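S.K.: For reference, the structure I am asking about is given below.
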Amino acid sequence: MPSVVTTLALLALAALSGTGAQVIGLPLPYLNGPLIVSALVATTLPGHLPEGYRFPEPVRLVFIAIIGLMIGAQVTPALFAEAHHYALTLGAVTLFVGLAHGLGYAVFRHLGGYDATTAFYASTPGGLYESIEMGTAAGADPTRLMMQQFLRIIAVVTLLPLGLSLWLGTPVGSAAGLSLARAEVPWSDLPLIMLAGLGGLVLGRGLRLPAGQMTGPMAVAAALSLSGLLAVDIPQWLVNLAQMILGTALGMRFTGLSRGLLLRGAGLAVLSVAGMLALGLGLAMGLRSVTEEPVDVLVISLAPGGVTEMALVALSLSANPAFVTLHHIYRILLTVLVIGTATKLRNRRRAAPPDG
């Protein structure tokens, strides 16, 4: 019972902080507002939480599926109109993943002083949950690994929209009041939405898809959209609720972390993300002349995190959000493939008998 009361209290704070963040124009307000408040609770008031409290995982998974459905619904035949550029842009993502991972590793290993295993898994430019799971199993410091991976997402979804807003002179993404959701979806559609989300979760788990809790529902919604059988429309209030749930769950991940460790980790995260964004900008400028895509659209397609917010920013730039999302899905899949292969090779070397 104490855990249920705590969860309800956190969600009440999430509603208030999400609304406040919307009023002040914070990017992705219903995610970032609850995230900030719950992180403050987790780091400054851990003694007021029930012993061993964790935000309910089943609740989080359900609402991750909602976000996956929303993104997957944007995959329409129009997405493939620019397919002739994909070899170049996806090639740039491939190069970005390798360079960004190396850059992040250098920051955490040489500036942060992390051991090699922790630095390797903490610096991945995607595959958040897979990086944490594989890294922990490989012997990385789980506290620092989890902290840096979550701080990477926070830094990207906060800094990039703010930077684009300053560059363009106008708010972008959710700060501009834009959304991929619909406000007028009837209540009678909710059972269908939940069924599609459940089917996506089962698909993601059954096929062991990377980030299956999101990519499974995304694949279901994309298949329905491309087939023309059904358009999975998500109401705005449900998307806002999903972001509040995810923001709260994300913030509570910092329970028990000291403020000193968190501040130091935040500094390293900002440094590594700034380097990754600069790398993305350089690649985007190189692609501009051969793809005719605007530099800002290419930058958000290469940014190392925040699939939902990057899609919202794309919408504000009159770009196809599915184009941006496709590149982020590829980035995540490629990153997971790279670290998965590295982990298998590492385990194989450990299991090999010594020479002689």
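S.K.: Calculate the FRET efficiency for TYR129 and GLU184 from the Cβ-Cβ distance with a Förster distance of 41 Å, rounded to the nearest 0.05. It would help to have the intermediate numbers written out before the result.
M.R.: Numbers: r = 34 Å, r/R0 = 0.82.
Efficiency at R0 = 41 Å is approximately 0.75.
S.K.: Quick one: what are the phi-derived ³J(HN,Hα) couplings along segment 67-73, Karplus 6.51/-1.76/1.60 with θ = phi - 60°, whole Hz, x for glycine and proline?
M.R.: Result, ordered by residue: 5, x, 4, 4, 5, x, 5 Hz.
S.K.: About the Cα centre of segment 193-337, how large is the charge dipole given +1 on each Lys and Arg Cβ and -1 on each Asp and Glu Cβ? Please answer in debye to the nearest 20.
M.R.: Working: 7 positive and 5 negative charges, 123 e Å.
Dipole of segment 193-337, to the nearest 20 debye: 580 debye.
S.K.: What spacing in nm lies between the two simple spin-label points modelled at LEU261 and ASN347, each 7 Å away from Cα in the Cβ direction?
M.R.: 2.7
S.K.: To continue, here is another question. For segment 224-238, just list the computed ³J(HN,Hα) in residue order, Karplus coefficients 6.51, -1.76 and 1.60, θ = phi - 60°, integers in Hz, with x standing in for Gly and Pro.
M.R.: These are the phi-based 3J(HN,Hα) values: 5, 5, 5, 6, x, 6, 6, 9, 8, 9, 9, x, 4, 4, 6 Hz.
S.K.: I'd like the FRET efficiency for MET285 and VAL5, computed as 1/(1 + (r/R0)^6) with the beta carbon distance as r and R0 of 41 Å, rounded to 0.05. Numbers along the way, then the final one.
M.R.: Details: r = 52 Å, r/R0 = 1.28.
After rounding, the FRET efficiency stands at 0.20.
S.K.: Okay, next question. What is the local net charge at PRO304, summed over the other residues whose Cβ is closer than 10 Å to its Cβ (Lys, Arg +1; Asp, Glu -1)? Can you show the working numbers first?
M.R.: Values: positive: ARG152, ARG331; negative: none.
For residues surrounding PRO304, the net value is +2.
S.K.: Continuing with the same structure: Per the Kirkwood formula on distinct C-alpha pairs, the Rh of segment 104-260 is how many angstrom?
M.R.: Working: mean 1/r = 0.0548 Å⁻¹.
After inverting the pairwise mean of 1/r, the radius is 18.3 Å.
S.K.: Multiplying the sequence separation of ALA106 and ALA231 by 0.36 nm and subtracting their Cα-Cα distance, what value in nm do you get? Kindly include the intermediate steps, with their values, before the conclusion.
M.R.: Numbers: separation 125, 0.36 × 125 = 45.00 nm, distance 4.47 nm.
Length gained between ALA106 and ALA231: 40.5 nm.
S.K.: Turning to a different aspect of this structure: Can you list residues from other chains, or at least 5 along the same chain, whose modelled amide H is less than 5 Å from the amide H of ILE234?
M.R.: Correct list: ARG182.
S.K.: Moving on. Would you mind calculating the gained length between THR76 and GLU292 on full extension (0.36 nm times residue separation, minus the Cα-Cα distance), in nm to one decimal? The partial results should precede the final answer.
M.R.: Details: separation 216, 0.36 × 216 = 77.76 nm, distance 2.11 nm.
Contour length minus the Cα-Cα distance gives 75.7 nm.
S.K.: While we're on this one: Expected output is a single nm value to one decimal: the length gained when fully extending between VAL59 and ALA223, i.e. 0.36 nm times separation in residues minus the C-alpha distance. What is it?
M.R.: Details: separation 164, 0.36 × 164 = 59.04 nm, distance 2.49 nm.
Using 0.36 nm per residue and subtracting the Cα-Cα distance, I get 56.6 nm.
S.K.: Another question about this same structure. With only Lys, Arg, Asp and Glu charged, each at its Cβ (+1 for the first two, -1 for the last two), find how big the charge dipole of the chain is about the Cα centre; round to the nearest 20 debye. Please report the intermediate quantities before stating the final value.
M.R.: Working: 18 positive and 15 negative charges, 191 e Å.
That gives the chain a dipole magnitude of about 920 debye.
S.K.: Just grab the label-to-label distance for ALA83 and LEU198, each label 7 Å out from Cα along the Cβ direction, in nm (one decimal).
M.R.: 3.5
S.K.: Using the charge dipole of the chain (Lys, Arg: +1 at Cβ; Asp, Glu: -1 at Cβ; taken about the Cα centre), state which of VAL59, VAL107, GLY18 has its Cα farthest towards the positive end.
M.R.: Sorting the options by dipole projection puts first VAL107.
S.K.: When only alpha-carbon atoms count, how far does the chain stretch along each of its three principal axes, as whole angstroms with the largest first?
M.R.: Result, largest extent first: 67, 57, 44 Å.
S.K.: In whole Hz, with x marking every Gly and Pro, tabulate ³J(HN,Hα) for segment 200-205 from phi via Karplus 6.51 cos²θ - 1.76 cosθ + 1.60, θ = phi - 60°.
M.R.: x, 4, 5, 4, x, 6
Read-outs: derived from the displayed coordinates by stated rules, not from any lab. Since the structure is predicted, the reported quantities are computational estimates derived from the model, not experimental observations. We place every Cβ from the backbone using ideal geometry, glycine too, and count neighbours over all the protein chains shown.
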